[in-house]
Amino acid sequence: IKIYSLRVDCKVTSRFAHTVITSKIVNQANESREATFEVELPKMAFITNFSMSIDGKVYPGIIKEKASAQKEYDTAVSHGQSAGLVKITGRKLEQFHVSVSIAAASKVTFELMYEELLKRQLGKFELLIKVRPKQLVKHFQIDVHIFEPQGIRFLETGSTFMTNELTEALTKVQNETKAHILFKPTVDQQKINPELDETLLDGDFVVRYDVKRGATAGDIQIVNGYFVHYFAPHEMPVFPKNVIFVIDRSGSMAGRKIEQTRDALLKILRDLRLEDHFSFITFNRKVVEWKSSLLQATAENVASAAGFVQTLSASGGTDINRALLTAVSVLDKAETLPERSISMIILLTDGQPTSGESNVEVIQENIQKAVNGKYALFCLGFGFDVSYRFLEKMALSNGGIARRIYENADAALQLQGFYQEVATPILTQIEMQYPENAIEGLTQNNFKLFFEGSEIIVSGKISNELDLLPVEIKAQSHTSDLTLKEEANVKEKEQVFQNQSYIFGNFIERLWAYLTIQQLLEKSISAQEEDQKTLEAQALELSLRYSFVTPLTSMVVTKPTGQEQTELVNKPTEAG
C-alpha cells in the first residue's frame, strides 16, 4: 500500500482557517489490502467534509444529528458500537482514522476538510499541522495561504522535525497583507539517511503570526452582510491582581505531579508583579492556609512563599469544597487591596472530591453562591482522574475557564503557560455595543475580563441595508472608564475581500456559525437543564445547516459493498 501523494492545503482568511488534506493511495500488491487514512487535526476545529473515492466512485460522508445517526448505525451493525473514527490524542490534537479495503492495483483518494477560528494566545495566532505519513511520499506538500486585511505584523514557521536539507524545501513569500508558505520536500529530502527508506516527516509543522493593530476600537470586516469585529487593545496599564492558588496535595498528587506543581509555582512566583497580592491554600482532607490574609508580592514575601512551596508534599483525601470556600472567604475579608484590582482563584486538582462535601452539584452550588460574580475562578485538572465536566462547569459558572493539564514531561510548562495567559488583565466589564435594530444573531458581546495578548471576537448579521455600522465599546481599565467609538463603511469593507481570488466567499458567515456554535456549547455546560436543551437545539440546527461535525452531530461514512458498511465520525470533547 503506497501513498503516492499527500497534500495539506490551508487557507487562512482573517483568522478563519480552512484546511483540506488529500491523500492518494495505490495498492501495489496482487490481492486486496487495507488502505488507511490517519490524520491529526486541532481539537478546536470542526470537520466539515470527508470523502473517499475508489477507482473513480465517490463515497461521501453525510452529516446528521448524532442520535439519529447512531440509531441508523446500530441498525446497520447488529454487534453494537464500533470505536468511532475520531479520538483525542493529546493536548491540542485529535486523530481521524478510517480504513477501507481496496482491490489489487486499485487507487483510493481520501479527502478531509476542517475549519477553525484561530485563537490569539500570548500575542500570536498558531496554525498547527501535524505531519506523520509513516512512509516516503513521492508528491508531498503543505501549502498555506494567509490573508489578513489588517496587515501581517510578523510571521514565523517552526517544526519539530526540520533538518538543514528539509529547510531547503520550505519557501515563504510575504507582503503587507498576504503570506504564502510552501513546504515541498523531495523523496530524498524526506529520508532519515540515503540508505534507508525511513521518513523524517513526523511531528508538528507550525505557522505563528500576528496582525497589525491601528484603530483603538478594533477592526471590523464585512462579507455578504455578515460582520466580524476583532478587538485586542495593547500597551495599556495592567490591573494589579489578587490571586489565591488553591493546590491539591492529596495522595494521588504524590511523586511527579507535586514536583511539577512545585516547579511551576516557583516560576509563577517570580512572574508576580510588585503591585500584585497573593496567597496559597493547600488541601487534602485538611485545608491549610499559608497565611491568613493576602500578602503583597514584595521580594521578601515571594522568597518566603518559595520556601513554603518547596516543602509541599502529598498525602490524604481531597476536600475541594472547603478549600475553595476558604479561598473565597480570604478574598472577602481582604482589606488592604488596591482599589481597582482583579481578584482570581486558581484551583489545581488531580482528582474527585473525596473528603468533606463530595457531591459535585452541591459543591458547584456552594461555590457559585460564595463567589457571587465577584471573583474569577480558574480550574486546572491534572491528568485523567479528574471529573473535567465538574471543573469546567464550576469555572464557567464563575467567570473563568477550565483547562486539562496533560501528565507529560512538560506539565510544569503547561501550568506556567496557563498562568501567563491570565497574568496580565488590562480591561474588565467590556461591553461591545451595536445598533440593536440592525444586527441579528449577535455572538457574545459582554466580557468580564480581557488579558493582554488575547483577542475579543464578536460577529453577527447586518439585517437591513446599513451604510454605516457604528460600534461603541465600553470598558474599565486600571486607570479609567473607557468609551471607544468606531464606524465601519459597509460598502468599503465589503470591497476588501471582493478581488481576493483564493477566499471562500461566505467565510465570515461560516466564522459566525463556528463562533456561535462554540459559544452555545460552552453556555450549555453551566446552564440549567431546560436552558441546556434550548441551547443544544440551536447549536444542532447550525451544525447541520453549515455541515460541522460538532458534539451534537455525526458524520456517516459509507464504504463499498461487502465491507463493514457504515462508520460514524463523532467529535470527542475534553470532558469525554
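The values are calculated or read from the model by the stated rules, or taken from the named source; none is laboratory data. All of these numbers come straight from a predicted model, not from anything done at the bench. Every residue, glycine among them, receives a Cβ derived from its backbone with ideal geometry; neighbour counts consider all protein chains shown. Note: areas computed on protein heavy atoms with side chains; ligands, DNA, RNA excluded. Shrake-Rupley method; radii C 1.70, N 1.55, O 1.52, S 1.80 Å.
Taken as a whole, the range 294-309 holds no residue that is assigned by the TED database to the domain that holds residue 413, modelled with pLDDT under 95 and at negative phi. Within the range 114-125, the set of residues being within 19 Å of residue 63 (Cβ to Cβ) and surrounded by fewer than 20 Cβ atoms within 10 Å (Cβ to Cβ) is empty.
None of 130, 64, 87, 24 is loosely packed, with under 15 Cβ neighbours inside 10 Å, touching a strand residue (DSSP E or B) at 6+ places or on another chain (Cβ under 8 Å) and assigned to a strand (DSSP E or B) except 87. Checking the range 93-107 against the condition returns a match, with at least one residue being surrounded by 17 or more Cβ atoms within 10 Å (Cβ to Cβ), at pLDDT below 95, part of a strand (DSSP E or B) and among the acidic types (Asp, Glu).
Pairing each residue of the range 159-183 that is part of a loop (DSSP other than H, G, I, E, B) with any residue that is open to solvent by 90 Å² or more (accessible area, probe 1.4 Å), provided the two are 6+ apart or on different chains, yields C-beta distances under 9 Å for 169/184.
For the criterion of being within 29 Å of the chain's Cα centre (by Cα), open to solvent by less than 40 Å² (accessible area, probe 1.4 Å), of a type in the set (S, T, N, Q) and outside the structural domain of residue 457 (by the TED database), residue 177 passes. Looking at 389, 404, just one residue is open to solvent by 30 Å² or more (accessible area, probe 1.4 Å), of a type in the set (D, E, K, R) and in contact (Cβ under 8 Å) with a residue 24 or more places away in the chain, and that residue is 389.
Based on this model, can you work out whether residue 243 counts as touching a Ser or Thr at 6+ places or on another chain (Cβ under 8 Å), in contact (Cβ under 8 Å) with a residue 12 or more places away in the chain and either open to solvent by 20 Å² or more (accessible area, probe 1.4 Å) or of a type in the set (Phe, Trp, Tyr) (or both)? It is false that residue 243 is touching a Ser or Thr at 6+ places or on another chain (Cβ under 8 Å), in contact (Cβ under 8 Å) with a residue 12 or more places away in the chain and either open to solvent by 20 Å² or more (accessible area, probe 1.4 Å) or of a type in the set (Phe, Trp, Tyr) (or both). Does the range 434-441 contain at least one residue that is assigned to a strand (DSSP E or B) and touching a strand residue (DSSP E or B) at 6+ places or on another chain (Cβ under 7 Å)? Yes: one or more hits. Please verify whether residue 131 is touching a residue at least 24 places away in the same chain (Cβ under 8 Å) and over 12 Å from residue 209 (Cα atoms), treating the condition exactly as stated. Yes. Scanning the range 193-210 for residues being loosely packed, with under 15 Cβ neighbours inside 10 Å and of a type outside the set (Asp, Glu) gives a total of 4.
Taken together, the residues in the range 412-433 that are open to solvent by less than 30 Å² (accessible area, probe 1.4 Å) and part of a strand (DSSP E or B) amount to 6.
Mind telling me which of the residues 525, 462 ends up being touching a Lys or Arg at 6+ places or on another chain (Cβ under 6 Å), of a type in the set (Val, Ile, Thr), under 30 Å from residue 552 (Cα atoms) and touching a residue at least 24 places away in the same chain (Cβ under 8 Å)?
None of the others qualify; the one that does is 525.
Screening 305, 323, 370 for residues that are open to solvent by less than 70 Å² (accessible area, probe 1.4 Å) and either of a type in the set (D, E, K, R) or under 21 Å from residue 256 (Cα atoms) (or both) leaves exactly one candidate, 305. Quick check on residue 334: is it under 23 Å from residue 418 (Cα atoms) and touching a residue at least 12 places away in the same chain (Cβ under 8 Å)? No; evaluated as a whole, the condition is false for this residue.
Counting the residues of the range 518-527 that are β-branched (Val, Ile, Thr) and buried (at least 23 other Cβ atoms within 10 Å of the Cβ) gives 0. Listed by position, the helices (runs of 4 or more DSSP H) contained in the range 472-576 that have at least 2 residues being closer than 17 Å to residue 116 by Cα are 507-526, 529-545. Number of residues in the range 211-239 that are closer than 30 Å to residue 184 by Cβ and open to solvent by 20 Å² or more (accessible area, probe 1.4 Å): the value is 1. Within the range 276-295, being open to solvent by 30 Å² or more (accessible area, probe 1.4 Å) and touching a residue at least 40 places away in the same chain (Cβ under 8 Å) holds for 285, 289, 293.
Of all residues in the range 160-174, those satisfying the criterion of being open to solvent by 60 Å² or more (accessible area, probe 1.4 Å) and either more than 30 Å from the chain's Cα centre (by Cα) or of a type in the set (Gly, Ala, Ser) (or both) are 164, 165, 168. Which ones in the range 459-501 are hydroxyl-bearing (Ser, Thr, Tyr), modelled with pLDDT under 90 and surrounded by fewer than 12 Cβ atoms within 10 Å (Cβ to Cβ)? Residue satisfying the conditions is 501 alone. Taking the range 241-335 and the helices (runs of 4 or more DSSP H) fully enclosed by it, the elements with 3 or more residues that are closer than 28 Å to residue 369 by Cβ and among the polar types (S, T, N, Q) are at 320-333. Filtered by the rule that a residue be touching a His at 6+ places or on another chain (Cβ under 7 Å) and closer than 13 Å to residue 435 by Cβ, the range 455-487 gives a lone residue, 471. Which of (1) over 30 Å from residue 126 (Cα atoms); (2) touching a residue at least 60 places away in the same chain (Cβ under 8 Å); (3) open to solvent by 30 Å² or more (accessible area, probe 1.4 Å); (4) assigned to a strand (DSSP E or B) does residue 4 not meet, given it meets every other one? It is condition (1) that residue 4 fails. Scanning the range 37-46 for residues that are in contact (Cβ under 8 Å) with a residue 24 or more places away in the chain, crowded, with 19+ Cβ neighbours inside 10 Å and more than 27 Å from the chain's Cα centre (by Cα) turns up nothing.
Candidates in the range 374-409 are the residues that are of a type in the set (A, V, I, L, M, F, W, C) and assigned to a loop (DSSP other than H, G, I, E, B); of these, the one that is farthest from residue 343 (Cα to Cα) is 409. For the range 528-554, which residues satisfy the criterion of being buried (at least 17 other Cβ atoms within 10 Å of the Cβ) and of a type in the set (Asp, Glu)? Selection gives 536 alone.
Would a scan of the range 243-261 turn up a residue that is in contact with a His (Cβ under 8 Å, 6 or more places away or on another chain) and over 24 Å from residue 146 (Cα atoms)? Yes, the range 243-261 contains a residue that is in contact with a His (Cβ under 8 Å, 6 or more places away or on another chain) and over 24 Å from residue 146 (Cα atoms).
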